[in-house]
Amino acid sequence: MKTQGYLQVEKRESPKRNEVQYNGLKNQGATCYLNAVLQCLFMTPKFREALVSYEAPRDCGEEHLLLQLKKLFEQLSQKTATTEGITKSLGVRNVFEQQDAVEYYRKILKAVGTPPSEVFEGKMSNIAKCCNCGKKTKETSTFISILLSIDVGNHEMYDVENGLQTFFNHSKLEEDDWMYCDNCDQKTETETWSEINEYPSVLTLHLKRFDFDYIQMRFKKNDCYLNVPPSLQNRDIKPKYDLYAVINHKGGYTGGHYDAIIRSYENKLWYCFDDYTVKQTSEESLNK
Ligand SMILES: [Zn+2]
């Protein structure tokens with residue numbers, strides 16, 4: 001598959017309903033990046049429930065994203081919905097300018113805040129260890145996505161499971177980057193790694209397809225193929241996560257188009273959400 005930007009996987013759960021119809025979102029110009037993210041959020045039942053049941057603070061104005069999202073979700077459950085309220089609330093000035101879907105995923109969750117955003121939040125520690133005396137220092141913070149660098153060439157296959165494993169590998173820093181150790185009273189050889197302390201209910205992986213090319217002095221997209229496992233569980237990821245949503249970016253860095261392939265939590269079928277259009281698709285379409 002050529003096009004994924006990032007993806008989300010979720011722990012198992014299984015409500016059922018057969019007759020479901022999903023609605024699209026109007027594209028205001030080049031707002032497909034936003035539409036893809038909004039559909040993923042809408043199709044995440046825990047997020048939707050938390051958002052709908054959460055009473056916004058009294059002093060938050062009519063334009064607050066929380067209220068705009070509530071309105072949007074209500075509309076989206078009945079018909080094709082419009083996103084003018086959302087773009088206004090997010091401060092999108094030019095709706096004809098393509099933006100980054102992950103950036104807007106982060107912006108939306110930040111603006112909405114807890115409790116709705118909690119479903120995507122986990123806690124991760126970055127650990128540094130002095131290789132001389134073994135002293136460890138630890139910094140823990142909240143995360144809403146894990147950024148995976150793509151370390152394969154344009155026409156090769158990137159395996160998401162291996163990539164995630166690599167993310168948690170321990171690595172030794174170059175001598176220039178060694179850290180100062182209090183015990184040893186000098187800069188010493190340093191080993192670093194990350195550990196998850198609290199698992200999010202929904203795990204979001206961000207595959208870094210865009211990178212700055214210092215030779216050509218411009219951003220370039222890595223178009224490699226992806227091997228996306230239908231579920232994830234390994235030595236560093238303890239709960240079992242099932243894949244249910246993938247946001248795709250098609251085309252080059254400066255333009256292109258986003259859509260989202262999402263498995264319905266209601267009937268377990270896969271759908272492609274492409275702005276106005278929502279069509280049933282197959283799980284195999286994820287690996288094209
Ligand atoms: Zn030390």
Query - For Glu118: the one exception among (1) within 16 Å of the ligand (Cβ to nearest atom); (2) in contact (Cβ under 8 Å) with a residue 24 or more places away in the chain - result: (1)
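Condition test on Lys110, is it in a helix (DSSP H, G or I), of a type in the set (Lys, Arg) and surrounded by fewer than 13 Cβ atoms within 10 Å (Cβ to Cβ)?
Details: in a helix (DSSP H, G or I): yes; of a type in the set (Lys, Arg): yes; surrounded by fewer than 13 Cβ atoms within 10 Å (Cβ to Cβ): yes.
So Lys110 passes the test.
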Query raised in the report: Before we move on, is Glu121 in contact with a Ser or Thr (Cβ under 7 Å, 6 or more places away or on another chain) and surrounded by fewer than 13 Cβ atoms within 10 Å (Cβ to Cβ)?
Result: no
Report task. Could you list all residues from region 43-64 that are within 12 Å of Pro116 (Cα to Cα) and out of contact with any His (no Cβ under 8 Å at 6 or more places or on another chain)? Result -> Thr44, Pro45, Lys46, Phe47, Arg48, Glu49, Ala50, Leu51, Val52, Ser53, Tyr54, Glu55
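For every residue, the table says whether it meets (1) more than 30 Å from Ile196 (Cα to Cα); (2) among the small types (Gly, Ala, Ser); (3) part of a helix (DSSP H, G or I); (4) touching a Ser or Thr at 6+ places or on another chain (Cβ under 6 Å).
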site: Cys60; (1), (2), (3), (4): yes, no, no, no
site: Lys71; (1), (2), (3), (4): yes, no, yes, no
site: Lys79; (1), (2), (3), (4): yes, no, no, no
site: Tyr105; (1), (2), (3), (4): no, no, yes, no
Query raised in the report: Restricting the search to region 190-227, which residues are under 30 Å from Leu243 (Cβ atoms) and within 16 Å of the ligand (Cβ to nearest atom)?
Result: Thr192
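Can you tell me which residue in region 5-52 is surrounded by the fewest Cβ atoms within 10 Å (Cβ to Cβ), limited to those that are hydroxyl-bearing (Ser, Thr, Tyr) and modelled with pLDDT of 90 or more?
For region 5-52, the residue satisfying everything is Tyr22.
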Query - Residue match in region 210-221 (condition: in a loop (DSSP other than H, G, I, E, B) and surrounded by 13 or more Cβ atoms within 10 Å (Cβ to Cβ)) - result: no
Requested in this report: Spot the failing condition for Lys238; the list is (1) among the charged types (D, E, K, R); (2) farther than 22 Å from Lys208 by Cβ; (3) in a strand (DSSP E or B), and only one is missed.
Outcome: (3)
**Report entry** Filter result (under 23 Å from Ala245 (Cα atoms), among the hydroxyl-bearing types (Ser, Thr, Tyr) and part of a loop (DSSP other than H, G, I, E, B)) within region 24-58
**Finding:** Thr31, Thr44
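Select the strands (runs of 3 or more DSSP E) contained entirely in region 121-189, then report the ones holding at least 2 residues which are within 16 Å of the ligand (Cβ to nearest atom). Explain how you work it out, then say what you get.
Details: elements: 122-130, 136-143, 146-149, 157-159, 179-181, 186-188.
Qualifying strands (runs of 3 or more DSSP E): 122-130, 136-143, 179-181, 186-188.
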Query - Residue tally, condition surrounded by 14 or more Cβ atoms within 10 Å (Cβ to Cβ) and among the acidic types (Asp, Glu), over region 153-197 - result: 4
**Report entry** Ile144, sole failed condition from (1) closer than 18 Å to Ala50 by Cβ; (2) modelled with pLDDT under 95
**Finding:** (2)
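The values are calculated or read from the model by the stated rules, or taken from the named source; none is laboratory data. Bear in mind that the values here come from a model prediction, so they are computed numbers and not experimental data. A quick note on method: Cβ atoms are made from the backbone with ideal geometry, for glycine too, and the neighbour counts reach across all protein chains shown.
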